[in-house]
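The values are calculated or read from the model by the stated rules, or taken from the named source; none is laboratory data. Everything numeric in this text was worked out from a predicted model, so none of it was measured. Glycine gets a Cβ as well: all are built from the backbone with ideal geometry, and neighbour counts include every protein chain shown.
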Amino acid sequence: MLKGTVLAKRVVKVLLNKLKGNTAEQIKFLEFLKILKELYRRNKAFRDFVLNTEIPIADKEKFFERFVQSLDLEDKELAKELLVFLTKNHGFKYLSLVIRAYQYELENVLGTVKAEIESASELPQEIKDNLVKVLENKLGKKVETTFAVNPELIGGFVVKTTSFVVDASVKDLLKDLAMKI
């Protein structure tokens, strides 16, 4: 059985090599990975099916074959191979690692970064635009942002990307202050 980070790196390498040059399909596979993660996490029948060692892998492959036919993917064979690989290597539990690594590498390939920015209250558009400009200048890449309001931050903001987190919130400052006292 492969360890999580090794498995994630192997999956990412294979996916990006086989999907090289097909940006739309690369993005679809990211969504497919996210769906698999939620399916494994929330659907007990699916989780029991992939984990059950008494069900022959050939039967699982037949199920995966039918399953991928319902998906909006061009490379259905690659999707089936991924499902079989994850099943044989008990890799479904590592899908969060796979997704994070795949998204990071995909962002490098595409020259973009996805960033989630949380603030304590709704930010004016001018501040949103300035935050995006600062991020793009610092990272040297196009930044695709989503903004969310989280009143628990009290004030300030938190920026999350696949490679770093910047916490400039009052909540974090108060936590640091409490640790020093």
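Observations on the structure shown:
- LYS93 vs. criteria under 18 Å from GLU107 (Cα atoms) and within 19 Å of the chain's Cα centre (by Cα): no
- Among helices (runs of 4 or more DSSP H) entirely within region 1-105, having at least 2 residues that are surrounded by 16 or more Cβ atoms within 10 Å (Cβ to Cβ), outside the structural domain of VAL165 (by TED's automatic domain parsing) and not aromatic (Phe, Trp, Tyr) singles out 4-18, 23-42, 57-69, 76-88.
- Check on LYS141, under 30 Å from LEU51 (Cβ atoms) and either of a type in the set (Lys, Arg) or outside the structural domain of THR53 (by TED's automatic domain parsing) (or both): no
So that you can scan it fast, the table gives a plain yes or no per residue for (1) within 30 Å of ASN22 (Cα to Cα); (2) aliphatic (A, V, I, L, M):
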| site | (1), (2) |
| --- | --- |
| LEU97 | yes, yes |
| ALA120 | no, yes |
| ILE127 | no, yes |
| GLY140 | yes, no |
| THR145 | yes, no |
| ALA178 | no, yes |
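- Neighbours by Cβ (under 9 Å, 6+ apart or cross-chain): first from region 87-113, within 18 Å of LEU36 (Cα to Cα) and β-branched (Val, Ile, Thr); second at pLDDT 95 or above and not in a helix (DSSP H, G or I): VAL98/GLY91
- Top-ranked residue of region 133-163 - restricted to ones that are part of a helix (DSSP H, G or I) and not aliphatic (A, V, I, L, M), ranked as nearest to ALA120 (Cα to Cα): PRO151
- Residue in region 148-166 that is more than 28 Å from LYS28 (Cα to Cα) and among the aromatic types (Phe, Trp, Tyr) present: yes
- Within region 33-88, considering residues that are small (Gly, Ala, Ser) and at pLDDT 95 or above, the one nearest to the chain's Cα centre (by Cα): ALA79
- Across region 1-31, the qualifying residues are those that are of a type in the set (Gly, Ala, Ser) and farther than 20 Å from PHE92 by Cβ, and the one among them that is modelled with the lowest pLDDT is GLY21.
One line per residue, one yes/no per condition, for (1) in contact with a helix residue (DSSP H, G or I) (Cβ under 9 Å, 6 or more places away or on another chain); (2) among the β-branched types (Val, Ile, Thr):
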site: PHE85; (1), (2): yes, no
site: TYR104; (1), (2): yes, no
site: GLU118; (1), (2): yes, no
site: ASN130; (1), (2): no, no
site: THR146; (1), (2): no, yes
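- Scanning region 143-166 for residues that are in contact (Cβ under 8 Å) with a residue 24 or more places away in the chain, in contact with a Gly (Cβ under 7 Å, 6 or more places away or on another chain) and not acidic (Asp, Glu) turns up nothing.
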